Amino acid sequence: MLFDELEEQIKKLEPDIKTIVTFWSNSGLEQEFKNLQTQSEGIDFWQNPHQAEILKEIQRIRLLRDQYIYITTVQKELPELIELFKQDSQELTKLKNEANELSRAVRKFKIALLLSDPQDNSNCFVSINAGAGGTESQDWAEILLRMYVRFCEQSDFAVDVVDYQTGEAAGIKSATLFIRGKNCYGLLKGEQGIHRLVRISPYDANKRRHTSFSAVSVTAEVPEIEITIDPNDLRIDTFRSGGAGGQHVNKTESAIRITHAPTGIVTQCQNERSQAQNKETALKMLRAKLAQKQKDEQAAKSASIEKKSIEWGSQIRSYVLHPYKMVKDHRTDYESGQPELVLDGDLTPFIESYLIWIGKQQAAA
């Protein structure tokens, strides 16, 4: 019965909402919001040298505050409406949609609480590289590319394909996305690693089961002032854009490949309008990778968190489409029996479980 289902759904949300209320009460954000609002309304605020930072902080707290008010208001009103319309199936169906929206809002707020690293709010680059296996792995890499694009669309992130290397027969050899939006690096950083697919291959005439791998790397965009690059350390090559047509093809050598000699790191961009824009984006990617390299080296020295090597066989997540259907994260043990939804961009439950897991790892270190 829908009435009982709704009551159970609201009951399951109570512990999470209690955690949110406790957080808000202890955070001091309400008072901080009022203080900043008063400051921004002052007649001489336009002269404040920190005006931009203050306005940005007001916006950040306002977004959290609006979510908090929505969650606590709906939690109070929804049980009363469910009780009022317990005999009206049409109204209960409408309330079911509202309960689902409340569940999504609670999950988003919980995730926001878990994103405590200042870098979490950065824009980021997501690179996907097909593993060994030819067409099968290249097709899998393209499926992952679509999954991340769909996730970005659902999360209201702006996403640009800045590099795209087509496969020999199907799929892609590699692709890089530049993603912009609130907390996009914090949400996607746990996607780094090896992703494994098990399915009946559409490219096998004998319909045999195949296992494919693709590697995903995620790096945060960093300000230019944080990473200094010596121009003498760079080798810059130009080439014609490749791809399957449209935005991926260019008749001039506008695509840019940059090699950083001291580290061997290579970045490239081919999808901007000009060679200068491609170079700028490739340099952004290089700064991000150099910053990540420094971060990884510091983490290795402190050994605060055990870090898996990024190599075939050390997959972070498996997507099994045959002989059963299951997506499993091997770090958190979180599972979903609906791989179609996951591959269509429904990554939020996996992201939430990863953030909780990594938080526990850091607390125990």
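The numbers here are math on the coordinates, done by the rules we state, and not lab data. All figures in this text were calculated on a predicted structure; none of them were measured in a lab. Neighbour counts are summed over all protein chains in view; Cβ atoms, including those assigned to glycine, are modelled from backbone coordinates with ideal geometry.
Descriptive notes on the structure:
- Normalised convex hull volume, the range 49-132, alpha-carbon set, Å³ per residue: 171 Å³
- Top of Trp140, Trp46, Trp24 by mean-square fluctuation, Gaussian network on the chain, Cα under 10 Å: Trp46
- Val198/Lys295 FRET efficiency (R0 25 Å; Cβ-Cβ; nearest 0.05): 0.15
- In the range 2-114, a dipole from Cβ-located charges (positive for Lys and Arg, negative for Asp and Glu) runs towards its positive end, and of Asn48, Ser89, Phe33 it is Asn48 whose Cα lies farthest in that direction.
- Other-chain or far-sequence residues with amide H under 5 Å of Glu221's (modelled H): Asn123, Cys124, Phe125
- Backbone geometry of the range 98-105 corresponds, through the Karplus equation with coefficients 6.51, -1.76 and 1.60 at θ = phi - 60°, to 3J(HN,Hα) couplings of 5, 5, 5, 5, 5, 4, 5, 5 Hz, x marking Gly and Pro.
- Theoretical ellipticity at 222 nm over the chain - DSSP helices of four or more residues, -39500 (n - 2.57) apiece, nearest 500: -16000 deg cm²/dmol
- Extension reserve of the Glu14-Leu113 stretch, reckoned as 0.36 nm per residue once the Cα distance is removed: 34.0 nm
- Of all the options Leu283, Leu81, Leu321, the one that moves most in a Gaussian network model of the chain with Cα springs shorter than 10 angstrom is Leu81.
- Label positions at Glu253 and Asp44, each projected 7 Å from the Cα along the C-beta direction, are separated by 5.9 nm.
- Cα Rg, Dmax, the range 2-114, angstrom units: 18.2, 60
- Counting all C-alpha pairs of the chain, share separated by more than 40 Å (%): 25 percent
- Label point at Gln362 placed 7 Å out along Cα→Cβ; residues across the range 115-132 whose backbone nitrogen lies under 15 Å: 115-122
- Interchain or long-range residues, amide H under 5 Å from Ala255's placed H: Phe239, Ser241
- Between Asp333, Asp44, Asp120, the residue with the greatest mean-square fluctuation in the GNM of the chain (Cα pairs under 10 Å linked by springs) is Asp44.
- Its Cα centre serving as origin, the range 226-301 has a Cβ charge dipole (Lys and Arg +1, Asp and Glu -1) of approximately 160 debye.
- Straightening the chain between Glu7 and Val266 buys 87.8 nm, computed as 0.36 nm per residue apart minus the Cα-Cα spacing.
- With respect to the chain, whose longest principal axis is taken over its alpha-carbon atoms, helix 348-364 is tilted by about 90°.
- In order along the range 27-39, phi translates into HN-Hα couplings of 7, x, 5, 4, 5, 4, 4, 5, 5, 5, 4, 4, 4 Hz, rounded to whole numbers, per the Karplus curve 6.51 cos²θ - 1.76 cosθ + 1.60 with θ = phi - 60° and x for Gly and Pro.
- Check: the chain dipole with +1 on Lys, Arg Cβ and -1 on Asp, Glu Cβ, in debye: 1020 debye
- The C-alpha atoms of the range 226-301 occupy a region whose extents along the principal axes are 46, 25, 19 Å, arranged from largest to smallest.
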